[in-house]
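Here's the structure we're looking at; comments come further down.
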Amino acid sequence: MAFLEIEHLEKSFGTNRVVKDFNLSVAKGEFISLLGPSGCGKTTVLRMVAGFESPSTGAIRIDGKDVVKLRPNQRNIGMVFQAYALFPNLTVAQNVAFGLKVAGVGRAEREARVVEMLRLIGLPDKGPSYPFQLSGGQQQRVALARALAVRPQVLLLDEPLSALDAKIRVSLRAEIRQIQRELGITTIFVTHDQEEALSMSDRVVVMNGGVAEQVAEPFEIYNRPATRFVANFVGQLNRIEARVIAPTTGEIEIGGTRHMLGRSLPSGDVALALRPEALHMGADPARELNLTGQVTEVDFLGSVIRLRVDVAGNRLSADVFNRPDAPPPALNSTVTLSASASDLIILTA
Ligand code: ATP
């Protein structure tokens, strides 16, 4: 049973349709990310769920109840924004207690809830501090505590990590997810950072031009992108121009060399795509695709070596694991890379 349901949601600003027939069912306790480039409409969807923006058409139900006509404070939603929106003149404890006070929760209960929330975010001693005495990451954790203190039914996170530096961002990802799991709170997270979306979410909604292009688990989104846009937006992708010789057996030609993929393909010219990690160093007869080309770049990154190899005009990126007994190939040397046909992503849509 869906806990949060969004049906045929549309939003236009004047003649600009920024959200188009958006549908989403979120299960109770699920963590969903809305992922997409700037301007794709993800914040607008979130703001409609929060009640800051009203839909042009469509339905939003929380726990079976239509909330479209309700004001934000009637929706039982907690929200955390990109910029630290803490009240600077209030202590951490007062910030966390703020919503509870507005809701008329008594003092003893408020204090107990503040202690519980500060423990939850790992800042049990920071109650008397003021926001300016905290780091950016700590401030965002307090913002999260403040949003959660009122025990909302749904948590909405609008790029809450984007103002933080890279290291803190990564550690806060895990913390937010842990807190979200502990509370079992249904969450929608807006981000344009694919790594954030893939690493944190139960399911990801990839948006483009106001449309949800794919709604799926991170593994599916990455390995089986539904559209060309999703394939290009999420992760790195090598495109290989190929001519299909025999669609049923999957015989193709790349730069004059034929390969038998053993899987059916659409006929004509197709764009084949491969993730950099699907290419392996060295010829391997057990893999259907063996591609020989010239090394044009070698980036030694430590655990991984990123190679650029020119194969019949296709500039391929290959990520190969570092092995102390096998130094990386030399620049301009000729190498063969192999890949399994099952790792190919066929781009048609
Ligand atoms: P970003 O990551 O940059 O915030 P986004 O995917 O969240 O992007 P939205 O903020 O939802 O995108 O904006 C979608 C489109 O709607 C944009 O073209 C934006 O200019 C437009 N838009 C958003 N709010 C308004 C508004 N109040 N009035 C007019 N146009 C708006």
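The values are calculated or read from the model by the stated rules, or taken from the named source; none is laboratory data. Every value quoted in this text rests on a predicted model; they were computed, and no experiment measured them. Positions of Cβ are generated from backbone atoms using ideal geometry, with glycine treated the same way; all protein chains shown enter the neighbour counts. These accessible areas exclude ligands, DNA and RNA; they are computed on the full protein's heavy atoms, side chains included. Shrake-Rupley method; radii C 1.70, N 1.55, O 1.52, S 1.80 Å.
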Compute, for the chain, the length of the dipole vector about the Cα centre, with Cβ point charges of +1 (Lys, Arg) and -1 (Asp, Glu) only. Units Debye, rounded to 20.
1200 debye
Pairs Lys11/Lys69; Lys11/Lys65; Lys11/Lys167; Lys101/Lys126; Lys28/Lys126: which are spaced more than 27 Å apart, C-alpha to C-alpha?
Lys11/Lys167; Lys28/Lys126
Grab the beta carbon distance between Val68 and Arg17, set R0 = 22 Å, and tell me the FRET efficiency rounded to 0.05.
0.75
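First select every other residue whose beta carbon is under 15 angstrom from the beta carbon of Leu164; then total the charges, Lys and Arg +1, Asp and Glu -1. Let's see the in-between values first.
Values: positive: Arg141, Lys167, Arg169, Arg173; negative: Asp158, Glu159, Asp165, Glu175, Asp193, Glu195, Glu196.
So the environment of Leu164 carries a net charge of -3.
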Given Cβ charges of +1 for Lys and Arg and -1 for Asp and Glu, the option among Val80, Cys40, Gln214 whose Cα lies farthest towards the positive end of the dipole of the stretch 4-233 is Val80
What is the sum of charges around Gly127, taking Lys and Arg as +1, Asp and Glu as -1, for the other residues whose C-beta is under 14 Å from the C-beta of Gly127?
+3
Spin-label pair Gln178/Ala85, simplified geometry with 7 Å Cα→Cβ offset, distance in nm
2.6 nm
Cβ charges +1 (Lys, Arg) and -1 (Asp, Glu), total dipole of the stretch 238-347, debye
60 debye
For the chain, what proportion of DSSP beta bridges, expressed in % and rounded to the nearest 5, is antiparallel?
75 percent
Work the Kirkwood hydrodynamic radius out for the stretch 203-345: mean of 1/r over every pair of different alpha-carbon atoms, inverted, in Å.
16.2 Å
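How large is the Rg to Rh ratio of the stretch 78-174 when both quantities use alpha carbon positions and Rh follows Kirkwood? Write down the numbers at each step before the final one.
Numbers: Rg = 12.6 Å, Rh = 13.3 Å.
Ratio value, two decimals: 0.95.
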Leaving out ligands and nucleic acids, and using a 1.4 Å probe, what accessible area per residue does the chain come to in Å²?
47 Å²
Reciprocal of mean inverse Cα separation for the chain (Kirkwood radius, Å):
22.9 Å
Distance between modelled label sites at Thr227 and Ala2, nm, 7 Å Cα→Cβ extension:
1.8 nm
Using the Karplus curve 6.51 cos²θ - 1.76 cosθ + 1.60 with θ = phi - 60°, work out ³J(HN,Hα) for each residue of the stretch 181-194 in order, rounded to whole Hz, and write x for Gly and Pro.
5, 4, 8, x, 8, 5, 9, 10, 10, 9, 7, 9, 9, 5
21 Å tail of the calculated P(r), the stretch 118-229, as % of Cα pairs
42 percent
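Give the Kirkwood hydrodynamic radius (Å, one decimal) of the stretch 1-93, defined as one over the mean of 1/r across all pairs of different Cα atoms. Please report the intermediate quantities before stating the final value.
Numbers: mean 1/r = 0.0688 Å⁻¹.
When all Cα pairs of the stretch 1-93 are included, the Kirkwood radius is 14.5 Å.
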What do you get for the angle between helix 107-120 and the principal long axis of the chain? Use alpha-carbon atoms, 0 to 90 degrees, nearest ten.
20 degrees
